[in-house]
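The block underneath contains the structure these notes are about, expressed in structure tokens.
Read the figures in this text as sums done on the coordinates, not as results from a lab. Since we're looking at a predicted model, the values are computed, not measured. Cβ placement follows ideal geometry from the backbone for every residue including glycine, while neighbour counts extend to all protein chains displayed.
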Amino acid sequence: MKNVKRLMSEPFFRVPVAGIHLSGWALKYVSGMEEIPDIKPGYWLSRWSDSADGKEVTFNFEPGLHMCFTEEAAARAAAENLKAQTEIETEIVKI
């Protein structure tokens, strides 16, 4: 893993909402973050947000599926960006 700064101070909240069904394309973590013991192969990309200036993204992987990209091209772009910029390998999964 390269070019990654781990954020420890950013709050993250999740609230259950009835009736939401995820569909689209999700990214499943394969390899590249072995030095971070709380992220394991098979975890799902649970956050992907661009910075206001478009120069970086904030991302996270978790055991549960919590987000999908609505377009396959967006999922593919995220996967390619992770591989090129951070050496993190993912698998694109149709949900």
Rounded to the nearest 20 Debye, what is the dipole magnitude of the range 25-94 about its Cα centre when Lys and Arg each give +1 and Asp and Glu each give -1 at the C-beta?
220 debye
Relative contact order, percent, of the chain when contacts are C-alpha pairs under 8 Å separated by at least 6 residues?
38 percent
Backbone HN-Hα couplings from phi across the range 28-35 [Karplus 6.51/-1.76/1.60, Hz, Gly and Pro as x]
10, 5, 10, 6, x, 10, 4, 6
So what's the net charge close to Gly24: Lys and Arg +1, Asp and Glu -1, counting the other residues with Cβ under 10 Å from its Cβ?
-1
Assuming 0.36 nm per residue, please report the length gained on full extension of the stretch Asn81 to Lys2 beyond their Cα-Cα distance.
27.2 nm
Ranking of Phe59, Phe69 by count of other Cβ atoms within 10 Å, fewest first
Phe59, Phe69
Scoring only Lys, Arg, Asp and Glu (+1, +1, -1, -1) among other residues with Cβ under 12 Å from the Cβ of Glu91 yields +3
Extension gain (nm, one decimal) between Lys55 and Glu89, 0.36 nm per residue minus Cα-Cα
10.2 nm
Per its Cα gyration tensor (rounded if a/c is under 1.5, else prolate when a/b beats b/c, else oblate), the range 32-73 is best filed as oblate
Proximal aspartates and glutamates relative to Lys94, as straight alpha-carbon distance under 15 Å, when same-chain residues fewer than 8 apart are discounted
Glu71, Glu72
